[in-house]
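Some notes on the structure that comes next.
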Amino acid sequence: MNLELIQALNDLGKEKGIDVEIIIEAIEAALVSAYKKNFGSQSNMRVTFDRETGEIKVYTRKLIVEEVTEEREEMSLAEARKRDPRYEVGDIVEIEVTPRDFGRIAAQTAKQVVVQRIREAERDMIYYEYSNREGDIVNGVVQRIEGKNVLIDLGKTEAILMPNEQMPGEKNKNGDRIKSYIIDVKKTTKGPQILLSRTHPGLLKRLFELEVPEIHDGTVEIKSVAREAGARSKIAVHSKNENIDPVGSCVGHKGMRVQAIVNELRGEKIDIVKWSSDPVKYIANALSPAKVLSVDVSAEEKMAAVVVPDYQLSLAIGKEGQNARLAAKLTGWKIDIKSESQIQSIDAES
């Protein structure tokens with residue numbers, strides 16, 4: 001153990017962002033175990049690592065007593081005062097017991113500790129980096145598929161796209177580049193476990209934030225998102241600036257902005273609607289692309305009775321009720337849709 005090791009530890013600390021003192025303390029603790037394993041299991045001992053020279057020394061520690069009953073752990077006051085007359089009963093005396101060939105064991109132990117600490121530090125750095133990015137999008141490459149899990153290479157580490165977070169019908173192949181949403185980062189004994197999603201509404205929201213400058217700079221605000229991944233989504237947008245069309249900003253010139261997001265989501269249909277503080281207008285907009293004749297709201301029950309032209313009924317409800325369901329999710333209102341002729345029939349009966 002010498003100056004080269006000290007220099008190597010300092011360089012390592014700067015490169016990996018690891019506190020050198022933490023590594024040295026870990027080396028000292030590991031050397032205690034190494035000494036006990038190779039030279040006997042004395043309980044009271046310590047190992048010192050000179051921060052300047054890299055020299056290592058082993059000391060056994062003995063309690064000073066009037067009468068010795070356990071030689072391995074105690075020393076008489078008379079014996080202690082031969083070393084230093086200032087010793088008193090109850091003090092601890094340290095005696096150097098560094099074995100001649102301890103340097104080789106120490107070097108091997110130090111190497112193991114350093115390698116382990118580097119691994120731990122790198123895992124911690126990855127954990128903190130990605131735990132701070134929960135709710136954000138990451139770019140990755142499909143590395144391999146294990147069972148139904150898709151493992152995504154993020155560059156520094158690997159992440160998991162579990163079956164329930166994969167878009168229905170999406171076929172992932174090795175080498176595919178995909179954007180995913182970080183839903184959770186867990187600390188495990190094998191390092192950080194990063195869980196991704198392609199179905200989370202947050203993915204759609206973040207894609208719009210990245211694609212639309214007006215959302216990124218706060219001119220346009222996303223008020224709500226409702227999503228049935230792989231099929232259809234609705235997003236409600238608003239601008240405080242009357243001169244800015246929030247829907248047009250999201251659609252982009254010739255639909256280029258929204259089309260880029262549709263492509264990333266493998267053809268998922270996206271309805272962009274204008275948010276309104278007036279629930280009547282908001283609910284009517286949310287049922288787009290269907291045209292609405294009237295909306296009657298009950299604020300107490302948060303229910304809305306919607307009337308649409310007969311030819312628009314199936315469009316308003318959507319395939320298997322999807323359009324109505326997404327509109328309800330988007331607005332937070334229960335929506336009951338009826339056609340014009342249904343209302344007339346009800347009126348006639350009453």
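The values are calculated or read from the model by the stated rules, or taken from the named source; none is laboratory data. Because the structure is a prediction, the values reported are computed rather than measured. Using ideal geometry, Cβ is built from the backbone for each residue, glycine included, and neighbour counts are taken over all protein chains shown.
Take residue 93 and tell me if it is buried (at least 16 other Cβ atoms within 10 Å of the Cβ), part of a strand (DSSP E or B) and touching a residue at least 40 places away in the same chain (Cβ under 8 Å).
no
Looking only at the range 45-83, count how many residues are under 20 Å from residue 106 (Cβ atoms), of a type outside the set (A, V, I, L, M) and free of Cβ contacts under 8 Å to residues at least 40 places away in the same chain.
5
Please determine whether any residue of the range 181-193 is outside any helix (DSSP H, G or I), surrounded by fewer than 16 Cβ atoms within 10 Å (Cβ to Cβ) and touching a residue at least 40 places away in the same chain (Cβ under 8 Å). Spell out the reasoning first.
Going through the range 181-193, the residues outside any helix (DSSP H, G or I) turn out to be 181-193.
Applying the additional criterion that residues be surrounded by fewer than 16 Cβ atoms within 10 Å (Cβ to Cβ) yields 184, 186-190.
So of that shortlist, the ones also touching a residue at least 40 places away in the same chain (Cβ under 8 Å) come out as 184, 187.
Within the range 181-193, one or more residues are outside any helix (DSSP H, G or I), surrounded by fewer than 16 Cβ atoms within 10 Å (Cβ to Cβ) and touching a residue at least 40 places away in the same chain (Cβ under 8 Å).
Could you tell me how many of the residues in the range 326-337 are out of contact with any Lys or Arg (no Cβ under 9 Å at 6 or more places or on another chain) and surrounded by fewer than 17 Cβ atoms within 10 Å (Cβ to Cβ)?
Looking only at that region, the number is 1.
For the structure I just gave you, tell me whether residue 116 is modelled with pLDDT under 85 and surrounded by fewer than 17 Cβ atoms within 10 Å (Cβ to Cβ). Steps first, answer last, please.
Numbers: modelled with pLDDT under 85: yes; surrounded by fewer than 17 Cβ atoms within 10 Å (Cβ to Cβ): yes.
So residue 116 fits the description; yes.
Yes or no: the range 229-247 includes at least one residue that is part of a strand (DSSP E or B) and basic (Lys, Arg).
So in the range 229-247, the residues part of a strand (DSSP E or B) come out as 232-239.
With basic (Lys, Arg) added as a condition, the list becomes 232, 234.
Yes.
Here is a list of conditions, (1) within 23 Å of residue 201 (Cα to Cα); (2) in contact with a strand residue (DSSP E or B) (Cβ under 6 Å, 6 or more places away or on another chain); (3) not acidic (Asp, Glu), and residue 287 meets all of them except one; can you say which number that is?
(2) is the only condition that residue 287 fails.
So for the range 197-207 (the condition being surrounded by fewer than 17 Cβ atoms within 10 Å (Cβ to Cβ) and either outside the structural domain of residue 257 (by TED's automatic domain parsing) or under 21 Å from residue 131 (Cα atoms) (or both)), does at least one residue qualify?
At the first step, the residues of the range 197-207 found to be surrounded by fewer than 17 Cβ atoms within 10 Å (Cβ to Cβ) are none.
No, every residue in the range 197-207 fails to be surrounded by fewer than 17 Cβ atoms within 10 Å (Cβ to Cβ) and either outside the structural domain of residue 257 (by TED's automatic domain parsing) or under 21 Å from residue 131 (Cα atoms) (or both).
Has the range 99-109 got any residue that is more than 56 Å from the chain's Cα centre (by Cα), part of a helix (DSSP H, G or I) and not β-branched (Val, Ile, Thr)?
Going through the range 99-109, the residues more than 56 Å from the chain's Cα centre (by Cα) turn out to be none.
There is no residue in the range 99-109 that is more than 56 Å from the chain's Cα centre (by Cα), part of a helix (DSSP H, G or I) and not β-branched (Val, Ile, Thr).
Consider only pairs whose beta carbons are under 6 Å apart and that are at least six residues apart or on different chains; among these, list those whose first residue lies in the range 208-224 and is without any contact (Cβ under 8 Å) to a residue 12 or more places away in the chain and whose second residue is surrounded by fewer than 20 Cβ atoms within 10 Å (Cβ to Cβ) and among the acidic types (Asp, Glu).
Listed pairs, sorted by first residue: 216/209.
For the range 127-174, give me the residue count where each residue is in contact with a helix residue (DSSP H, G or I) (Cβ under 8 Å, 6 or more places away or on another chain) and not aliphatic (A, V, I, L, M).
Qualifying residue count, the range 127-174: 6.
Scan (1) among the small types (Gly, Ala, Ser); (2) under 30 Å from residue 129 (Cβ atoms); (3) in contact with a helix residue (DSSP H, G or I) (Cβ under 7 Å, 6 or more places away or on another chain); (4) at pLDDT 80 or above for the single condition residue 17 breaks and write down its number.
Just one mismatch for residue 17, condition (4).
Can you find, within the range 96-124, the residue that is nearest to residue 59 (Cα to Cα) among those that are touching a Lys or Arg at 6+ places or on another chain (Cβ under 7 Å) and not charged (D, E, K, R)?
98
Give the residue, chosen from 244, 235, 261, that is surrounded by fewer than 22 Cβ atoms within 10 Å (Cβ to Cβ), hydrophobic (A, V, I, L, M, F, W, C) and not assigned by TED's automatic domain parsing to the domain that holds residue 335.
Numbers: 235 fails: surrounded by fewer than 22 Cβ atoms within 10 Å (Cβ to Cβ); 261 fails: surrounded by fewer than 22 Cβ atoms within 10 Å (Cβ to Cβ).
Only one candidate qualifies: 244.
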